[in-house]
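The values are calculated or read from the model by the stated rules, or taken from the named source; none is laboratory data. Small disclaimer: the values here were computed from a predicted structure and weren't measured. Reconstructed Cβ throughout: ideal geometry from the backbone, glycine too, with neighbour counts over all protein chains shown. Side chains included, ligands, DNA and RNA excluded: accessible areas come from the protein's heavy atoms. Shrake-Rupley method; radii C 1.70, N 1.55, O 1.52, S 1.80 Å.
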There are 2 protein chains.
Amino acid sequence: MVFTIGLLGLGTVGTGTAEIILDSEGRNPLLQEIKIKQVGVNNLEKPRSVTLDPGVLTTDLESIVNDPEIEIVVELLGGLEPARSLILTAIRNGKHIVTANKAVIARYGDEIYTAANQAGVYVLLEAAVAGGIPVIKPLKQSLGVNRITSVIGIINGTTNYILTKMSTEGLDFADVLAEAQELGYAEADPTADVDGGDAADKISILAAIAFGERVKREEISCEGIRQISATDISYAEDLGFVVKLLAIAKGGMGQSLQIRVHPTLVSQDHPLANVNGVNNAVLVEGDPLGQVMLSGPGAGKGATASAVVSDIVNVAGILKSNSQGKDLDPHLSCNHDNYAQLMPLAEITTRFYTRFLCNDVPGVIGYLGTCFGKHDVSLESIVQIGFQEDLAEIVVVTHDVKEGDFRQALAEIENLDAIASIPSIIRVL
Amino acid sequence: MVFTIGLLGLGTVGTGTAEIILDSEGRNPLLQEIKIKQVGVNNLEKPRSVTLDPGVLTTDLESIVNDPEIEIVVELLGGLEPARSLILTAIRNGKHIVTANKAVIARYGDEIYTAANQAGVYVLLEAAVAGGIPVIKPLKQSLGVNRITSVIGIINGTTNYILTKMSTEGLDFADVLAEAQELGYAEADPTADVDGGDAADKISILAAIAFGERVKREEISCEGIRQISATDISYAEDLGFVVKLLAIAKGGMGQSLQIRVHPTLVSQDHPLANVNGVNNAVLVEGDPLGQVMLSGPGAGKGATASAVVSDIVNVAGILKSNSQGKDLDPHLSCNHDNYAQLMPLAEITTRFYTRFLCNDVPGVIGYLGTCFGKHDVSLESIVQIGFQEDLAEIVVVTHDVKEGDFRQALAEIENLDAIASIPSIIRVL
């Protein structure tokens with residue numbers, strides 16, 4: 001059989017995808033049955049590192065999603081538009097979709113999956129989260145028989161590279177960001193990565209699959225790594241932690257779902273603590289399974305293209321076994337349409353690391369202890385850990401506390417004259 | 001829809017499987033459509049921790065594989081017979097198979113998959129390798145679009161528990177084995193685990209999937225951990241290594257496949273080095289993907305049952321979407337029937353750690369260097385590392401060498417008077 005596909009986009013991932021398909025020896029044999037009919041690009045004249053047959057390139061993206069011969073549309077444009085409109089047109093034309101576009105799925109997943117279910121087509125998105133690491137399918141197909149209690153991921157390679165580099169070389173955020181931009185690990189506009197938006201897109205997708213409810217992307221609490229200082233990384237290390245940007249989804253069995261992205265202190269002996277550089281990892285916990293961790297390259301041409309192509313051959317395998325296209329296999333389709341009720345941040349339970357700059361150490365330590373206690377915030381440690389000029393630095397690590405209680409205590413503490421400032425508040429896993 | 005299944009076996013994993021299916025709230029919704037019609041056991045009177053409807057238990061296992069209502073037979077008996085015969089009868093009767101039985105698949109996979117392809121049924125076996133960690137499906141469905149170059153696993157929990165305990169507590173093999181047996185982490189007859197046979201069963205299954213060729217189980221070179229001493233673990237640590245029982249399959253792109261199970265020195269900063277206790281991990285390397293690691297609980301009731309049930313709902317999902325049962329989806333069936341040509345051990349390339357006991361240190365070091373050099377064995381280090389009574393201990397670590405060359409050098413070295421004995425030869429990853 002021949003399965004005819006159209007690619008939208010021939011950037012890094014698009015090129016990697018075409019390269020795998022056009023060089024199929026030694027790979028999944030189904031690849032030999034995949035034919036790239038059209039590739040939609042902006043510029044026909046741009047030099048390309050992959051050689052396509054004449055006439056395959058086109059700037060008419062609409063023609064691809066309307067081509068009756070094309071069975072699978074592979075959307076690798078990124079961004080919201082025209083990706084969303086092209087995906088929806090392709091779906092209405094009965095085409096299966098493979099996409100690496102977390103932004104569009106995180107925001108328009110509802111519209112896209114509803115259309116796909118009506119049209120009886122699949123929308124696969126393994127490449128949208130954690131690059132080449134199989135995450136979406138294992139979560140949906142294998143781990144979902146468990147009652148999932150948490151999905152915790154390091155799912156943004158740029159920020160993990162920056163934090164790793166800050167940690168190993170004692171550098172500040174701005175310096176490492178500049179270097180990462182030079183090396184191509186960070187975009188010229190790094191906002192989506194360093195402010196946590198990209199990780200929030202991805203965890204909203206993982207949470208929807210793990211907990212079987214649609215998620216409103218804009219409700220996800222999201223904090224980036226711009227405010228993380230070399231000082232905090234160094235103090236965290238002294239206390240036995242590393243700093244990671246974690247995307248966390250917790251819920252299950254009648255509990256409100258909580259989804260959040262924020263820098264987090266992770267104990268050095270935790271499996272996620274050793275995931276360094278541009279690597280990604282997703283830790284899934286469920287009952288009766290326990291903890292499973294999936295880790296590897298979270299970005300890059302080859303890794304992401306590997307995930308895209310695995311989805312293409314997945315659809316091809318289904319078409320091969322079931323060319324009638326009856327009902328969708330619930331393991332590959334979206335079977336929920338209710339929205340999750342997200343827990344407000346004030347109600348979550350977590351530990352906190354907080355650094356205070358102050359000028360009256362004995363007095364402050366007593367006051368901190370009393371004030372936190374009054375608000376039901378139980379402390380693990382208060383340590384006077386260093387100095388910044390003539391101000392003493394005090395680091396407080398709490399036990400698990402309700403975030404609302406902690407914030408109330410902090411609001412009260414801020415008013416104390418002896419507190420010069422509170423430079424850092426970082427949650428602890 | 002209702003999907004009717006029959007279980008063969010109600011031991012630890014069978015009980016875990018029934019528990020998940022009978023308590024489906026908060027899990028994959030397809031579980032609500034699974035009905036356990038019969039469970040085959042040896043003894044109807046034995047107390048069970050799971051409550052089944054009256055009449056579900058039967059000692060007549062044949063009746064389950066011949067029951068026309070049962071669509072999926074779940075084989076959890078373990079061992080070769082009657083598992084093999086029951087699986088084959090069920091297949092001939094058009095039933096899909098879910099099994100956790102690595103021993104029967106490793107030895108009779110050819111016969112079983114040939115029969116399954118003829119009958120148009122699936123034989124799924126996620127639980128056969130690495131317990132609750134999704135490994136089989138990711139390898140087959142997601143990673144297989146890459147040119148796989150290696151699959152390296154810690155896939156026997158018992159030996160990993162023993163080696164971890166020997167390492168952290170400085171104990172000898174026999175003591176830790178006895179303790180593991182008391183705790184239920186090792187069988188009364190530990191042969192299959194500690195001599196590497198269980199890991200060899202599992203790597204033969206992974207290799208067949210990763211490299212697309214059937215594997216003759218009896219051709220796999222297999223060495224266990226009985227001879228690993230606390231001394232070697234301690235010396236390895238001094239040199240920056242930990243000792244792990246690795247199952248290794250390497251090949252791809254015209255190279256002969258090599259499959260082997262043996263204790264291995266693993267660099268302390270390698271991802272597999274931190275997989276401790278009864279945990280398992282599988283590291284897959286391919287082009288263009290890079291390295292992906294899947295890790296988690298490799299055994300135990302809940303973890304293994306999670307994998308069994310994921311396969312059951314996988315078949316149910318397919319039946320739901322395609323009740324005609326046309327062709328098999330190549331992502332879930334076996335599509336190769338040629339046998340791999342395995343590379344003889346003498347031809348593999350690896351590093352070696354070797355410990356010598358000798359009584360003439362300066363002379364021996366010169367002789368070792370010369371003799372290894374003569375046989376093209378390039379050395380990384382020769383260190384006189386300790387003493388055993390009046391004998392000096394010399395540890396040699398080689399670069400990557402051909403095993404045949406190394407063995408020839410060793411045969412010559414053994415004849416030297418100054419060499420009292422060669423207590424340890426361990427490959428290095």
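Key figures for this structure:
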{"read-out": "Calculated diffusion of segment B:184-243, Stokes-Einstein form, Kirkwood radius summed over Cα pairs, 4 °C and 1.567 mPa s, µm²/s", "value": "95 µm²/s"}
{"read-out": "Total charge dipole magnitude, the protein assembly as shown, about the Cα centre, Cβ charges on Lys, Arg, Asp, Glu only, Debye to nearest 20", "value": "2320 debye"}
{"read-out": "Other-copy label distances relative to residue B:227, 7 angstrom Cα-Cβ extension, nm", "value": "6.0"}
{"read-out": "Within the protein assembly as shown, percent of DSSP bridges classed antiparallel, to nearest 5", "value": "70 percent"}
{"read-out": "Label point at residue B:391 placed 7 Å out along Cα→Cβ; residues across segment B:402-429 whose backbone nitrogen lies under 14 Å", "value": "B:414-425"}
{"read-out": "0 to 90° range, to nearest 10: angle between helix A:361-374 axis and chain A longest Cα axis", "value": "60 degrees"}
{"read-out": "Environment charge of residue A:35, counting only residues whose C-beta is closer than 11 Å and scoring Lys/Arg +1, Asp/Glu -1", "value": "-3"}
{"read-out": "Percentage, to the nearest whole number, of Cα pairs in the protein assembly as shown over 51 Å apart", "value": "20 percent"}
{"read-out": "At R0 = 45 Å, FRET efficiency that the Cβ-Cβ distance of residue A:374 and residue A:183 yields, to 0.05", "value": "0.40"}
{"read-out": "Cβ-based charge dipole, segment B:208-292, positive-most Cα from B:253, B:235, B:209", "value": "B:209"}
{"read-out": "CD proxy at 222 nm, helix term only [per DSSP H run n ≥ 4: -39500 (n - 2.57); per residue of the protein assembly as shown; nearest 500]", "value": "-10500 deg cm²/dmol"}
{"read-out": "Relative contact order (%) - segment A:346-428, alpha-carbon pairs under 8 angstrom, separation at least six", "value": "49 percent"}
{"read-out": "Exercise: per-residue mean of other protein chain Cβ atoms within 10 Å, B:16-25", "value": "2"}
{"read-out": "J(HN,Hα) series, segment B:13-18, from Karplus relation 6.51 cos²θ - 1.76 cosθ + 1.60, nearest Hz, glycine and proline x", "value": "6, x, 5, x, 5, 4"}
{"read-out": "Computed over segment B:136-296: relative contact order in percent, which uses C-alpha pairs under 8 Å that are six or more apart", "value": "35 percent"}
{"read-out": "Choice from A:312, A:203, A:36 with maximal GNM fluctuation in chain A (Cα, 10 Å cutoff)", "value": "A:36"}
{"read-out": "Kirkwood-based Rg to Rh ratio, segment A:278-383, C-alpha trace", "value": "1.22"}
{"read-out": "Three principal axis lengths of segment A:346-428 [C-alpha, angstrom, descending]", "value": "37, 21, 17"}
{"read-out": "Other protein chain Cβ atoms within 10 Å, averaged over every residue that makes up A:143-152", "value": "6"}
{"read-out": "Formal net charge of residues neighbouring residue B:428 (Cβ-Cβ distance under 10 Å; K, R +1; D, E -1)", "value": "0"}
{"read-out": "Within chain A: Cβ-based charge dipole about Cα centre, in debye rounded to nearest 20 (Lys, Arg +1; Asp, Glu -1)", "value": "1360 debye"}
{"read-out": "Packing rank of B:271-284, B:75-88, B:361-374, where each peptide gets the mean count of other beta carbons within 10 Å, highest leading", "value": "B:271-284, B:75-88, B:361-374"}
{"read-out": "Positive-pole candidate from B:307, B:268, B:288, dipole of segment B:238-309, charges at beta carbon", "value": "B:307"}
{"read-out": "Label point 7 Å beyond Cα along the C-beta direction, distances from residue A:59 to other copies (nm, shortest first)", "value": "8.1"}
{"read-out": "Mean Cα-pair separation over length for chain A, i.e. relative contact order, pairs under 8 Å, 6 or more apart, %", "value": "16 percent"}
{"read-out": "Closest Cβ on chain B to the rotation axis that carries it onto A (distance rounded to whole Å)", "value": "B:322, 2"}
{"read-out": "Per-peptide average of other Cβ atoms within 10 Å, ordering B:99-112, A:125-138, A:93-106, B:19-32 highest first", "value": "A:125-138, A:93-106, B:99-112, B:19-32"}
{"read-out": "Efficiency of FRET between residue B:66 and residue B:22 - r from beta-carbon atoms, R0 30 angstrom, step 0.05", "value": "0.80"}
{"read-out": "FRET E, pair residue A:45, residue A:93, Förster distance 30 Å, beta-carbon r, rounded to 0.05", "value": "0.55"}
{"read-out": "Whole-number D in µm² s⁻¹ for segment A:198-346, Kirkwood Cα-pair radius fed into Stokes-Einstein, 25 °C, 0.890 mPa s", "value": "137 µm²/s"}
{"read-out": "Separation of the residue B:345 and residue B:172 label points, Cα + 7 Å toward Cβ, nm", "value": "2.5 nm"}
{"read-out": "Average partner coverage of B:281-292, which counts Cβ from other chains inside 10 Å", "value": "6"}
{"read-out": "Beta bridge orientation in chain B: antiparallel %, DSSP, nearest 5", "value": "70 percent"}
{"read-out": "q = 0.23, 0.26 Å⁻¹, segment B:42-88: log10 I(q)/I(0) [Debye, one scatterer per Cα]", "value": "-1.03, -1.19"}
{"read-out": "Size of electric dipole in segment A:117-212: Cβ of Lys, Arg +1 and of Asp, Glu -1, about Cα centre, debye, nearest 20", "value": "880 debye"}
{"read-out": "Descending principal axes extents, segment B:141-276, alpha-carbon based, whole Å", "value": "44, 33, 24"}
{"read-out": "Cα gyration tensor, segment B:68-109 - rounded (a/c under 1.5), prolate or oblate", "value": "prolate"}
{"read-out": "Over segment A:275-315: Kirkwood hydrodynamic radius from C-alpha pairwise inverse distances, Å", "value": "11.9 Å"}
{"read-out": "Rounded to the nearest 10 Å², the accessible area of residue A:400 at probe 1.4 Å", "value": "100 Å²"}
{"read-out": "Table column - 3J(HN,Hα) (Hz), segment A:175-189, Karplus curve with 6.51, -1.76, 1.60, x for Gly and Pro", "value": "5, 5, 4, 4, 5, 4, 5, 4, 7, x, 7, 10, 6, 4, 9"}
{"read-out": "Using alpha carbons only: equivalent-ellipsoid semi-axes of segment B:1-84, gyration tensor based, whole Å", "value": "20, 15, 12"}
{"read-out": "Residue-count net charge about residue B:235 - beta-carbon cut-off 10 Å; Lys, Arg +1, Asp, Glu -1", "value": "-3"}
{"read-out": "Restricting segment A:318-395 to GluC sites (Glu not before Pro) in coil, as DSSP defines it, with at most 16 other Cβ within 10 Å", "value": "A:389"}
{"read-out": "Share of Cα-Cα pairs in chain B lying beyond 41 Å, as whole percent", "value": "22 percent"}
